[in-house]
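Notes for the one structure printed next.
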Amino acid sequence: MTIHRRRFLRGCAATGAMALVGAPWGVRRAAAQDLKTIRVTQFGGPFQVVKTAIGDPFEAARQGRVIYEVENSVSALTKLQAQKGNPPFNIVMFSRAFAIRAGKAGLLTTLTLADVPGLGELSPDAMVPGGFGLGIMLDSIDIAYDTRKVSAPITSWLDLGRADLKGQVVMPAAALPIQFIVMQIARSLGGSEKSDKAINDAFAKLKEMKANVRTFYSDPIQATQMIERGDVAVAVQFGIRTSHIIKANPHIARASPEKEGVPGIPYDLCITQGSDNQDVARRYVNFAVRKESQEGLVRDLLATPVHKAVAVPADLKKLVVDLKRVWFPDEEYAAAKQPEWSQRWTREVQS
């Protein structure tokens, strides 16, 4: 939104609220019931704060009502595919590779530049290629490790194969975005993440590393619980979740290898094709990237913001992912390779 549009919307919200002051209770209740409802997915665990950072202020501004449902990218995509034309959600939160897959499958409404008036205030590439959604925060895949259990700091992704970590690592299962880990290992070995040879070398290295893996998790909450309980010493985990682990457990550190970096992942809001109340859905997407909403996501979720005017407070910088350590994969390439690499992961690494 532009400054003028934000002021206009705030003025409208304030005027509407004042008009209801002193009105009979029945009138106020009827007005509240007039708000249209949208169903929005969000990831589990720490992502429940999306409601307080975005949903509650959205409702307070009388833009619409929001019902949240917990889904990951895989489960949400599966449900959209099963109910094409009659989606169970108005808006889906996807990691970008899944947003691109869903968009190309005809499951999402295409956004235009006119639909996102404040796009210029956001980070470059906030819009999903093809207009299939809008990124509202940045995450990464990183390595969390218990400093009490690990003999030497982890400084490379290849350290996951160290002899002292046998049976002490937890990694994601194939249903999660493992394509970024494959690409990362290819880069750590000195190759290109788009080279077939480098990818084959990465799978060979991952096969070696699996001797160190205690288990492969299908839900990121499992990885958090295992490292917090001390069941494992190392967790390949999403950056935002790693931030919350570190906040609650000072003895757990983030690796973020300096030379190799970590793969960054935009999280997108995507409006489903064929769903009702698309006007409310568009308002919600724009509301999620306004400066105030982004500040809430930084403060409560420890997410990296996409709004260029939002700065990470000094006391949170050690918890929010450092963008200097992040590299961004080619999401369209990753989306195209994800089905094939997931099968290889299941067959060669996870089995």
Which listed residue is modelled with pLDDT under 95 and out of contact with any Phe, Trp or Tyr (no Cβ under 9 Å at 6 or more places or on another chain), from SER73, SER123: SER123
Mind telling me which of the residues THR109, THR78 ends up being more than 25 Å from ARG187 (Cβ to Cβ), in the same structural domain as ILE271 (by TED's automatic domain parsing) and without any contact (Cβ under 8 Å) to a residue 12 or more places away in the chain? THR78
I'd like the residue in segment 101-115 that is surrounded by 20 or more Cβ atoms within 10 Å (Cβ to Cβ) and at pLDDT 95 or above and, out of all such residues, is farthest from GLU340 (Cα to Cα). LEU111
Might you check whether a residue that is more than 28 Å from ASP125 (Cβ to Cβ) and modelled with pLDDT under 95 occurs anywhere in segment 259-266? no
For strands (runs of 3 or more DSSP E) lying entirely in segment 116-222, having 1 or more residues that are surrounded by fewer than 22 Cβ atoms within 10 Å (Cβ to Cβ) picks out 134-146, 213-217
Yes or no: GLU332 acidic (Asp, Glu), under 23 Å from ASN200 (Cα atoms), surrounded by fewer than 23 Cβ atoms within 10 Å (Cβ to Cβ) and modelled with pLDDT of 95 or more? no
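For segment 38-74, what are the residues that are outside any strand (DSSP E or B) and within 14 Å of the chain's Cα centre (by Cα)?
Hits for segment 38-74 are PHE43, GLY44, GLY45, PRO46, PHE47, GLN48, VAL49, VAL50, GLU71, ASN72, SER73, VAL74.
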Out of all the residues in segment 100-118, which are of a type in the set (A, V, I, L, M) and within 24 Å of LYS36 (Cβ to Cβ)? ALA102, LEU107, LEU108, LEU111, ALA114, VAL116
Against the definition (among the basic types (Lys, Arg), closer than 17 Å to ILE141 by Cα and part of a helix (DSSP H, G or I)), how does ARG283 come out, yes or no? no
When you look at TYR217, is it within 29 Å of ALA99 (Cβ to Cβ) and in the same structural domain as ALA248 (by TED's automatic domain parsing), yes or no? yes
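The values are calculated or read from the model by the stated rules, or taken from the named source; none is laboratory data. Remember, it's a predicted structure, so these values are computed and weren't measured experimentally. Positions of Cβ are backbone-derived with ideal geometry, glycine not excepted, and every protein chain shown enters the neighbour counts.
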